[in-house]
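Taking it in order: structure first as C-alpha cells, then the write-up.
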Amino acid sequence: LILNNLAYLLAEDPARRESAYEYIDRAIRVAGSNERLREQLEDTKATILIHDGKFQDAIDLLQAWVGKARGVEVYLHLAVAYDRLGSPEVAAKFLAPVTERIEQGTAQLSGHDLEVYHSLRQRVTAS
C-alpha cells in the first residue's frame, strides 16, 4: 500500500507522473492475484491515467471491475473518465451506484473523492 499511496501523491505533479506509473505498476505486479488489492491498485492507476488525460485508458482498465468491485471508487472514477470524455449520460450511469451507496451510508470515500462526487453529480444532473 505504500507504493500505492506514493504513486497517488506523485500523480498530482505532472513532472513526477512517470514515477507514479512506475510505482503503481510495481505494486500491481507485487499484488499478483490478490483481487481485493488489485482492485484498489488498478483504481489508483486509473486515477493517474485520468490526471494524465488518458481517459479511455482509465475506462479500459476499470471496466474489468464493473459488477465485482467491492467499493464505489471504481464507479466514481469511471464516471469521472466518461465525463471528461464528454459523455455525461454515461457518467451519470456509473455515478448512480455511488449515489445509492452514499444514501445507504455504506460508501467509504476519501474526503477528496467525496468532493469529486458532489462536483460531478452537479454537472451530470444539470446536463
| Do we find that Arg84 is farther than 22 Å from Pro14 by Cβ and charged (D, E, K, R) in this structure? | no
| field | Top-ranked residue of region 91-127 - restricted to ones that are over 21 Å from Lys45 (Cα atoms) and hydrophobic (A, V, I, L, M, F, W, C), ranked as surrounded by the fewest Cβ atoms within 10 Å (Cβ to Cβ) | value | Ala126
| message | I'd like to check something: does region 26-33 contain any residue that is without any contact (Cβ under 8 Å) to a residue 40 or more places away in the chain, touching a Phe, Trp or Tyr at 6+ places or on another chain (Cβ under 9 Å) and under 25 Å from Glu12 (Cα atoms)? | response | no
| message | Quick check on region 56-72. Is at least one of its residues closer than 17 Å to Glu115 by Cα, open to solvent by less than 20 Å² (accessible area, probe 1.4 Å) and modelled with pLDDT of 95 or more? | response | yes
| region 56-77, residues that are of a type in the set (Val, Ile, Thr) and part of a helix (DSSP H, G or I) | Ile59, Val74
| query | Would region 92-112 turn up any residue that is part of a helix (DSSP H, G or I), of a type outside the set (Gly, Ala, Ser), modelled with pLDDT under 95 and under 24 Å from Leu3 (Cβ atoms)? | reply | yes
| So how many residues does region 38-55 have that are assigned to a helix (DSSP H, G or I) and either open to solvent by 40 Å² or more (accessible area, probe 1.4 Å) or of a type in the set (A, V, I, L, M, F, W, C) (or both)? | 10
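The values are calculated or read from the model by the stated rules, or taken from the named source; none is laboratory data. Computed from a predicted structure; not experimentally measured. We place every Cβ from the backbone using ideal geometry, glycine too, and count neighbours over all the protein chains shown. Keep in mind that these areas ignore ligands, DNA and RNA; they rest on the heavy atoms of the full protein, side chains included. Shrake-Rupley method; radii C 1.70, N 1.55, O 1.52, S 1.80 Å.
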